[in-house]
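Q: My questions will all concern the structure given below.
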Protein chains: 2
Amino acid sequence: MTTTTPPVTLDDVQEAATRLKGVAHRTPVLRSRTLDALVGAEVFLKCENFQRVGAFKFRGAYNAASRLTPEQLARGIAAYSSGNHAQAVALAARELGTTAVIVMPEDAPPSKRAATEGYGAEIVTYDRYTGDRVAIAEALATERGLALIPPYEHPHVMAGQGTAALELLEETGELGALLTPVGGGGLMAGSATAAKGLHPDIRMVGVEPEAGDDTKRSLEAGRRVSIPVPKTIADGQALHTPGELTFSVNRRLVDEIVLVSDDEIREAMRFVFERLKIVVEPSGATPLAALLSGRVSALPDRIGVIVSGGNVDAERFARLCAGGV
Amino acid sequence: MTTTTPPVTLDDVQEAATRLKGVAHRTPVLRSRTLDALVGAEVFLKCENFQRVGAFKFRGAYNAASRLTPEQLARGIAAYSSGNHAQAVALAARELGTTAVIVMPEDAPPSKRAATEGYGAEIVTYDRYTGDRVAIAEALATERGLALIPPYEHPHVMAGQGTAALELLEETGELGALLTPVGGGGLMAGSATAAKGLHPDIRMVGVEPEAGDDTKRSLEAGRRVSIPVPKTIADGQALHTPGELTFSVNRRLVDEIVLVSDDEIREAMRFVFERLKIVVEPSGATPLAALLSGRVSALPDRIGVIVSGGNVDAERFARLCAGGV
């Protein structure tokens with residue numbers, strides 16, 4: 001039997017929290033009597049839609065970028081992202097006085113592209129259905145001498161992303177379960193590391209869109225499996241395979257993965273809009289969709305939810321509510 | 001020269017705040033770097049869209065209802081309202097263990113009607129363009145022996161509504177200006193009483209939709225004037241004349257009224273949706289519309305805004321963003 005050191009520890013998440021103090025927002029934890037009544041439990045929503053750049057991604061990007069050497073920062077940062085990580089790296093670069101080049105799919109939401117450029121980043125596009133974004137970004141980084149900050153597959157990124165769960169638990173105390181969206185797996189890996197580090201008995205529930213169930217399949221197979229690039233409204237979770245590092249954490253710490261349909265996600269987005277008066281993007285609404293549709297069985301009395309982001313423009317929100325994409 | 005006692009004082013607002021403790025939410029005060037940069041000032045948003053029933057109206061309704069005698073409460077409450085006050089009185093009645101009958105226009109948003117019924121209230125409808133809601137409600141109250149709680153024209157309602165400004169100023173300290181929507185004038189009367197009671201130099205700016213400028217015209221005329229029932233997307237401000245009591249306060253305490261167009265309101269709703277990730281109804285967005293469109297001149301460095309409510313359903317939000325009503 002071999003024991004390997006995990007790529008991220010509770011100490012790493014706590015150190016990330018110190019680095020993020022005064023730079024990332026300490027986002028509010030919202031409650032709703034209506035939601036509690038519907039779910040039949042006390043639900044605590046950690047609202048990362050109110051985070052800088054509108055998503056938890058800033059936590060990981062800034063933590064990783066802040067650990068670069070002065071020489072690396074002088075040369076600049078590169079990243080690939082379907083959206084929120086792009087803005088996160090662009091803002092982290094600006095905060096640290098350097099520049100960013102972002103490799104982004106050409107069909108990324110216009111609002112995400114505009115916001116990324118607004119933070120001063122240069123954008124290089126590729127075709128999400130045919131191109132290999134990692135290869136493109138790595139070539140670019142090598143060519144220009146840039147430090148590549150991946151969206152999840154990096155210990156400092158996972159540690160930074162886990163600070164959302166750390167803050168939530170500091171505020172709520174012990175919870176029976178914590179639900180987070182699972183895309184590449186960085187938010188879950190960091191959150192599970194923080195949560196189980198503090199409260200070993202907490203039940204970690206990941207939520208994926210039905211079409212993007214790569215982590216669920218991988219956990220069942222006991223190894224990373226690949227699925228075709230999924231088409232789902234949850235664009236932040238449209239990935240074909242879990243990260244290697246994130247999966248090594250999540251296979252140890254995740255208790256279950258729950259799947260939700262695109263229509264359940266639409267309904268959850270509408271629910272929080274009309275009842276909680278907050279804007280949540282499709283991927284960010286997947287845990288709420290799981291709760292509201294009764295997809296999670298044997299719920300404990302106190303449940304935490306990471307509401308991971310709120311970057312959806314008004315036109316897309318309208319299309320989604322009308323059943324579109 | 002005669003001196004009349006004002007219908008509402010700072011003491012009244014402070015006493016209302018004590019009654020509301022633990023019943024109304026102490027709503028959050030949000031900030032936005034983007035908003036500050038666009039406006040060129042520090043802007044503090046008192047988010048009454050997160051209040052119970054989704055609007056500041058609960059503060060006034062509960063304060064007034066809580067002062068009824070046990071005999072009055074045993075008989076029940078009546079109210080007339082274009083929407084949010086209806087839900088507010090319905091919930092206040094339920095919280096105080098009594099029943100409510102609400103006179104509501106037949107074209108009120110379905111979500112507001114459903115929410116009011118959801119709190120257990122009985123609804124009686126009328127035609128907003130031909131009927132006299134006050135007369136209908138008064139007849140009903142007399143007939144059934146109910147206590148009528150008006151939406152603004154009552155000292156306890158104004159005092160309760162003013163607690164939003166009181167809480168905001170407790171949190172921010174002195175502000176150069178405070179912007180609130182003006183409909184019947186109760187929120188402004190209570191807010192101005194609280195704000196000028198604490199900080200006599202604060203500039204009180206009311207905001208009305210262009211089509212519903214009855215308070216602006218009345219202040220200019222030095223007496224209450226009537227306009228045709230306005231058609232505007234700001235349904236909470238579609239009134240033809242200011243209240244008598246509220247106007248007696250506002251003519252003393254309001255420094256200026258600013259008007260905004262329906263398109264400026266739509267743009268403000270979209271702005272807070274996409275950048276702040278919060279849902280604000282048309283009337284609630286009028287002060288933000290005034291700030292974002294540059295309608296307020298000589299802005300001070302620190303500005304408070306009462307974001308009065310967030311009751312707009314997803315379909316209407318989509319229609320509004322597309323330029324509709």
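The values are calculated or read from the model by the stated rules, or taken from the named source; none is laboratory data. Predicted model, so just to flag it, every value in this text is computed and none were measured. Please note: Cβ atoms are built from the backbone with ideal geometry, for glycine as well, and neighbour counts cover all protein chains shown.
Q: Please verify whether segment B:33-43 includes one or more residues that are touching a Phe, Trp or Tyr at 6+ places or on another chain (Cβ under 7 Å) and either polar (S, T, N, Q) or more than 13 Å from chain A (Cβ to nearest Cβ) (or both). Write out each step before concluding.
A: Going through segment B:33-43, the residues touching a Phe, Trp or Tyr at 6+ places or on another chain (Cβ under 7 Å) turn out to be none.
Looking through segment B:33-43, none of the residues is touching a Phe, Trp or Tyr at 6+ places or on another chain (Cβ under 7 Å) and either polar (S, T, N, Q) or more than 13 Å from chain A (Cβ to nearest Cβ) (or both).
Q: What are the residues in segment A:176-230 that are buried (at least 24 other Cβ atoms within 10 Å of the Cβ) and on the phi > 0 side of the Ramachandran plot, if any?
A: Of everything in segment A:176-230, just one residue is buried (at least 24 other Cβ atoms within 10 Å of the Cβ) and on the phi > 0 side of the Ramachandran plot, namely A:Gly185.
Q: Identify, by number, the condition in (1) in contact with a helix residue (DSSP H, G or I) (Cβ under 8 Å, 6 or more places away or on another chain); (2) part of a helix (DSSP H, G or I); (3) over 22 Å from B:Gly304 (Cα atoms); (4) of a type in the set (Gly, Ala, Ser) that B:Ala74 doesn't meet.
A: (1)
Q: Being among the β-branched types (Val, Ile, Thr) and over 25 Å from A:Leu10 (Cα atoms) is true for just one of A:Ile227, A:Ile257, A:Ile202. Which residue is that?
A: Checking each option against the conditions leaves just A:Ile227.
Q: Restricting attention to segment B:5-23, does a residue exist that is of a type in the set (A, V, I, L, M) and within 14 Å of chain A (Cβ to nearest Cβ)?
A: Taking segment B:5-23 and keeping what is of a type in the set (A, V, I, L, M), we get B:8, B:10, B:13, B:16-17, B:20, B:23.
Those still in the list that are within 14 Å of chain A (Cβ to nearest Cβ) too: B:23.
For segment B:5-23, residues of a type in the set (A, V, I, L, M) and within 14 Å of chain A (Cβ to nearest Cβ): present.
Q: Another one. Condition first: of a type in the set (S, T, N, Q) and not in a helix (DSSP H, G or I). Now tell me which residues in segment B:77-90 satisfy that.
A: If we filter segment B:77-90 for residues that are of a type in the set (S, T, N, Q), which is where we start, we get B:81-82, B:84, B:87.
Listed by number, the residues that qualify are B:Ser81, B:Ser82.
Quick grid of which residues meet (1) touching a strand residue (DSSP E or B) at 6+ places or on another chain (Cβ under 6 Å); (2) crowded, with 23+ Cβ neighbours inside 10 Å; (3) among the small types (Gly, Ala, Ser); (4) within 21 Å of A:Gly83 (Cα to Cα):
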| position | (1), (2), (3), (4) |
| --- | --- |
| A:Thr246 | no, yes, no, yes |
| A:Ile257 | yes, no, no, no |
| A:Asp262 | no, no, no, yes |
| A:Arg270 | no, no, no, no |
| A:Ala285 | no, yes, yes, yes |
| A:Val296 | yes, no, no, no |
| A:Ser308 | yes, yes, yes, yes |
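Q: May I ask you to say which residue of B:Thr180, B:Thr215 is out of contact with any Ser or Thr (no Cβ under 7 Å at 6 or more places or on another chain), hydroxyl-bearing (Ser, Thr, Tyr) and under 20 Å from B:Val260 (Cβ atoms)? Steps first, please.
A: Values: B:Thr180 fails: out of contact with any Ser or Thr (no Cβ under 7 Å at 6 or more places or on another chain).
That would be B:Thr215, the only listed residue that is out of contact with any Ser or Thr (no Cβ under 7 Å at 6 or more places or on another chain), hydroxyl-bearing (Ser, Thr, Tyr) and under 20 Å from B:Val260 (Cβ atoms).
Q: Now for a separate question. Tell me, which residue of segment A:87-110 that is within 14 Å of another protein chain (Cβ to nearest Cβ) and over 17 Å from A:Phe56 (Cα atoms) is surrounded by the most Cβ atoms within 10 Å (Cβ to Cβ)?
A: Of everything passing the filter in segment A:87-110, A:Pro109 is surrounded by the most Cβ atoms within 10 Å (Cβ to Cβ).
Q: For residues that are modelled with pLDDT of 95 or more, of a type outside the set (A, V, I, L, M) and closer than 16 Å to A:Glu143 by Cα, scanning just segment A:72-98, find the one that is nearest to the chain's Cα centre (by Cα).
A: Among those that are modelled with pLDDT of 95 or more, of a type outside the set (A, V, I, L, M) and closer than 16 Å to A:Glu143 by Cα, it is A:Gly76.
Q: Here are A:Val279, A:Val296, A:Val272: which of them is outside the structural domain of A:Ala88 (by TED's automatic domain parsing), modelled with pLDDT of 95 or more and more than 14 Å from A:Asn49 (Cβ to Cβ)? Walk me through how you get there before you give the answer.
A: On the way: A:Val279 fails: more than 14 Å from A:Asn49 (Cβ to Cβ); A:Val272 fails: more than 14 Å from A:Asn49 (Cβ to Cβ).
Of A:Val279, A:Val296, A:Val272, the one residue that is outside the structural domain of A:Ala88 (by TED's automatic domain parsing), modelled with pLDDT of 95 or more and more than 14 Å from A:Asn49 (Cβ to Cβ) is A:Val296.
Q: Right, next: If you scan segment A:109-125, which residues turn out to be within 15 Å of B:Glu274 (Cβ to Cβ) and polar (S, T, N, Q)?
A: Residues of segment A:109-125 that are within 15 Å of B:Glu274 (Cβ to Cβ), as a first pass: A:109-116, A:118.
Selection gives A:Ser111, A:Thr116.
Q: Picking from A:Gly212, A:Gly222, A:Gly243, which residue would you name as being in the same structural domain as A:Leu288 (by TED's automatic domain parsing), touching a residue at least 24 places away in the same chain (Cβ under 8 Å), within 27 Å of A:Val325 (Cα to Cα) and out of contact with any Phe, Trp or Tyr (no Cβ under 8 Å at 6 or more places or on another chain)? Before you say what the answer is, go through the steps one by one.
A: Working: A:Gly222 fails: within 27 Å of A:Val325 (Cα to Cα); A:Gly243 fails: out of contact with any Phe, Trp or Tyr (no Cβ under 8 Å at 6 or more places or on another chain).
After applying the criteria, what remains is A:Gly212.
Q: Here is a further query. Just checking, how many residues over segment A:271-324 are more than 12 Å from every other protein chain (Cβ to nearest Cβ), assigned to a strand (DSSP E or B) and among the hydrophobic types (A, V, I, L, M, F, W, C)?
A: Residues meeting the conditions: 3.
Q: For segment A:58-86, how many residues are buried (at least 24 other Cβ atoms within 10 Å of the Cβ) and more than 24 Å from A:Gly236 (Cα to Cα)? Write out each step before concluding.
A: We begin by selecting, within segment A:58-86, every residue buried (at least 24 other Cβ atoms within 10 Å of the Cβ); these are A:58-65, A:77-81, A:83-86.
Next, only the ones that are more than 24 Å from A:Gly236 (Cα to Cα) stay: none.
Residues meeting the conditions: 0.
Q: Suppose we filter A:Ala93, A:Ala108 for residues that are assigned to a loop (DSSP other than H, G, I, E, B) and either in the same structural domain as A:Val280 (by TED's automatic domain parsing) or out of contact with any helix residue (DSSP H, G or I) (no Cβ under 6 Å at 6 or more places or on another chain) (or both); which single one remains? Can you show your working first?
A: Details: A:Ala93 fails: assigned to a loop (DSSP other than H, G, I, E, B).
Going through A:Ala93, A:Ala108 in turn, just one is assigned to a loop (DSSP other than H, G, I, E, B) and either in the same structural domain as A:Val280 (by TED's automatic domain parsing) or out of contact with any helix residue (DSSP H, G or I) (no Cβ under 6 Å at 6 or more places or on another chain) (or both): A:Ala108.
Q: Further question: How many residues, within segment A:51-79, are closer than 23 Å to A:Val279 by Cβ and in contact with a strand residue (DSSP E or B) (Cβ under 8 Å, 6 or more places away or on another chain)?
A: Going residue by residue through segment A:51-79, those that are closer than 23 Å to A:Val279 by Cβ are A:51-62.
The next check asks that each one be in contact with a strand residue (DSSP E or B) (Cβ under 8 Å, 6 or more places away or on another chain); those that pass are A:51, A:54-57, A:61.
Total satisfying the criteria: 6.
Q: In segment A:44-68, how many are over 25 Å from B:Val53 (Cβ atoms), within 14 Å of another protein chain (Cβ to nearest Cβ) and in contact (Cβ under 8 Å) with a residue 40 or more places away in the chain? Spell out how you get there, then give the answer.
A: Taking segment A:44-68 and keeping what is over 25 Å from B:Val53 (Cβ atoms), we get A:48, A:51-68.
Narrowing the set further to residues that are within 14 Å of another protein chain (Cβ to nearest Cβ) leaves A:48, A:51-56, A:58.
Then drop every residue that is not in contact (Cβ under 8 Å) with a residue 40 or more places away in the chain, which leaves A:48, A:51, A:53-56.
Number of matching residues: 6.
Q: State all residues of segment B:46-76 that are among the hydrophobic types (A, V, I, L, M, F, W, C), touching a Leu at 6+ places or on another chain (Cβ under 7 Å) and over 30 Å from B:Pro287 (Cβ atoms); if no residue qualifies, say none. Full working, then the answer.
A: Narrowing segment B:46-76 to residues among the hydrophobic types (A, V, I, L, M, F, W, C): B:47, B:50, B:53, B:55-56, B:58, B:61, B:64-65, B:68, B:73-74.
Now restrict to residues that are touching a Leu at 6+ places or on another chain (Cβ under 7 Å): B:47, B:53, B:56, B:58, B:65, B:73.
Listed by number, the list holds a single entry, B:Leu73.
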